[in-house]
Amino acid sequence: MNNQLQQKEDIRNLSYEEVVQYLNKIQEKSFRATQIFEWIYQKNVWSFEQMKNLSKDLRERLMQDFILRPFEIAKKEISQDGTTKFLFELIDQEQVESVLIPTASRTTVCVSTQVGCKFGCKFCASGIGGWNRNLTTAEIVTQIMHVKDEAQKHAQPLSHIVFMGIGEPLDNYDNLVKAIRIINDKKAINIGARRITVSTCGVIPKILQLGQEGIQIELAISLHGYDNESRNVLMPVNKKYPFSDLIEACKQYQKNYRRQITFEYILIKDITCSTKALTSLKKSFKGLICKMNLIPYNPVSEFDHKTPTRQEMYQFRDQLKDFGIHATIRAPRGKDINSACGQLRRSIK
Ligand code: SAH
C-alpha cells in the first residue's frame, strides 16, 4: 500500500501552473485548476471526492493520478500559553514537528523543512538525531493545512508563517521556494510575502539566490556567535561560511533588495551574553540597518549551557539599543511542551 502511494505524486507538489498544464493534457479546462486549488487550500478538503463542483470523471482521474491525504497526527500537545505542537507522521513513517503560535495580534505557524538537520549547532535539539531527508513541497504545505484546520477551530485565521522548525530551509531550496509560492498564491493559502519568514543558519549562496527570486519575504539570520571564533564553536556551518562573509552577504542583500534583515541571537550565559560579545557585535554591525531578536537560550538536555538572568538579558538588550541596534527579547512560547525555539527535534522511534 505504502509503495503504491509513494509512486503517485502528491498534488500539493504542483504549482498552479503545473495543475493547469496537467488539466490541459487531459483535455480539461484551465479554470478547474482554480477550483482544485480552492478546495485544497481554502476549503481545506483532504480528498478529491469532496470536490463537488468537479465532474465525477475528473475526480476519478485525479484520484488515479495523485494523492491528497492528511498526515497521521502522532501527537498534539497544547501549552498553557495556547501554543500547540503537532508531531506528524509522514508516508515513510518519519516524523516532523510543527507549531501553532497564537498571540493577541497574529497567528503564526512554525514549519519544518527537513527530517532532522545536518548543521549540528551546539545548542539546538533539531540537529541531535542527524539528518534523514528533505521534505517535499507537499509535506511543507500539508503541515500548514493541518495547523490551519486547528486554527480555524478556534476562529483564528493564520496570519504568519515562519520557517523556523526542524531543518535548514535553504538546504532544501527548491522545495522551499515552491512551497513559498503556494503559501503566497492568492488562489492557494494566500499569506502575504511580508508575513513569511525564512530563517537560515547562514548558507550564503542560497541567501543571495533567494534575494533574486522576486518574492518579498522576510529573511532571518541565525547569527548566535559574536565573532568568527565564537561562531565556529557554536555553529559548525561557520567554518564553511565565516562570520565576516555572512555579515558582508547581509549588507549586500540589503543593498540589492532593500529588505531589512533580522538577526536571531541566542543569549547564553557568559558566552553570547557577555561584555566581550557586546563589544564585538558593535564593531561588526557598523553600517548595517537591522533588527535583532534576542532569544533566551531554551534548555536542551544534551547541552550544558545556561540561560542568563533576566537582568543580564535586559542589560545586554539596552546596551545594544544604546549603540543603535534595534534589539528585542523574544518571549519563549510553549516551553512546557518543548516547542520553543531550538527545542523541536526529529523523534527517533
Ligand atoms: N536552520 C534554520 C531554521 C531553524 S530556526 C536556522 O538555523 O535559522 C530555529 C531558531 O531557534 C534558530 O534561530 C535557532 O538557532 C534557534 N535555536 C536553536 N536552539 C535554540 C535553543 N536551545 N534556545 C533558543 N533558540 C534556539
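Structure data summary
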| item | result |
| --- | --- |
| Qualifying residue in segment 78-98 (condition: within 16 Å of the ligand (Cβ to nearest atom), surrounded by 17 or more Cβ atoms within 10 Å (Cβ to Cβ) and among the hydrophobic types (A, V, I, L, M, F, W, C)) | yes |
| Any hit, segment 108-128, residues being more than 14 Å from the ligand (Cβ to nearest atom) and either closer than 23 Å to TYR297 by Cβ or not in a helix (DSSP H, G or I) (or both) | no |
| Check on ARG181, assigned to a helix (DSSP H, G or I) and over 20 Å from ARG12 (Cβ atoms) | no |
| The one condition in (1) within 26 Å of LEU14 (Cβ to Cβ); (2) without any contact (Cβ under 8 Å) to a residue 24 or more places away in the chain that SER98 fails to fulfil | (2) |
| Filter result (modelled with pLDDT of 95 or more and of a type in the set (A, V, I, L, M, F, W, C)) within segment 102-123 | VAL109, CYS110, VAL111, VAL115, CYS117, PHE119, CYS121, PHE123 |
| Every residue from segment 185-208 that is more than 16 Å from the ligand (Cβ to nearest atom) and either more than 17 Å from SER112 (Cα to Cα) or part of a loop (DSSP other than H, G, I, E, B) (or both) | ASP185, LYS186, LYS187, ALA188, ILE189, ASN190, ILE191, GLY192, ALA193, ARG194, LEU208 |
| Filter result for the condition that a residue is crowded, with 19+ Cβ neighbours inside 10 Å, among the hydroxyl-bearing types (Ser, Thr, Tyr) and at pLDDT below 95, over SER222, SER199, SER126 | SER126 |
| In segment 287-301, residue surrounded by the most Cβ atoms within 10 Å (Cβ to Cβ) [restricted to those that are more than 10 Å from the ligand (Cβ to nearest atom) and of a type outside the set (A, V, I, L, M, F, W, C)] | LYS291 |
| From the options GLY225, GLY214, residue that is within 14 Å of the ligand (Cβ to nearest atom) and either touching a strand residue (DSSP E or B) at 6+ places or on another chain (Cβ under 8 Å) or not in a helix (DSSP H, G or I) (or both) | GLY225 |
| Inter-residue pairs, beta-carbon under 6 Å, first in the same structural domain as ARG333 (by TED's automatic domain parsing) and in segment 68-81, second surrounded by 14 or more Cβ atoms within 10 Å (Cβ to Cβ) and of a type in the set (Gly, Ala, Ser), 6+ apart | SER79/GLY334 |
| Residue that is surrounded by the fewest Cβ atoms within 10 Å (Cβ to Cβ), among those in segment 133-165 that are among the aliphatic types (A, V, I, L, M) and modelled with pLDDT under 95 | ALA155 |
| Identity of the residue in segment 317-346, farther than 19 Å from CYS110 by Cα and within 15 Å of the ligand (Cβ to nearest atom), that ends up surrounded by the fewest Cβ atoms within 10 Å (Cβ to Cβ) | THR328 |
| Residue list for segment 282-334, filter: within 13 Å of GLU264 (Cβ to Cβ) and touching a Leu at 6+ places or on another chain (Cβ under 9 Å) | MET292, LEU294, ILE295, PRO296, TYR297, ALA327, THR328, ILE329, ARG330 |
| Options GLU312, GLU264; residue that is surrounded by 13 or more Cβ atoms within 10 Å (Cβ to Cβ), at pLDDT 90 or above, assigned to a helix (DSSP H, G or I) and within 16 Å of the ligand (Cβ to nearest atom) | GLU312 |
| Leading residue by the ranking (surrounded by the fewest Cβ atoms within 10 Å (Cβ to Cβ)) among those in segment 23-68 that are in a loop (DSSP other than H, G, I, E, B), touching a Leu at 6+ places or on another chain (Cβ under 9 Å) and not aliphatic (A, V, I, L, M) | LYS29 |
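The values are calculated or read from the model by the stated rules, or taken from the named source; none is laboratory data. If you're wondering where the values come from, they're calculated on a predicted model, not measured in any experiment. Every residue, glycine among them, receives a Cβ derived from its backbone with ideal geometry; neighbour counts consider all protein chains shown.
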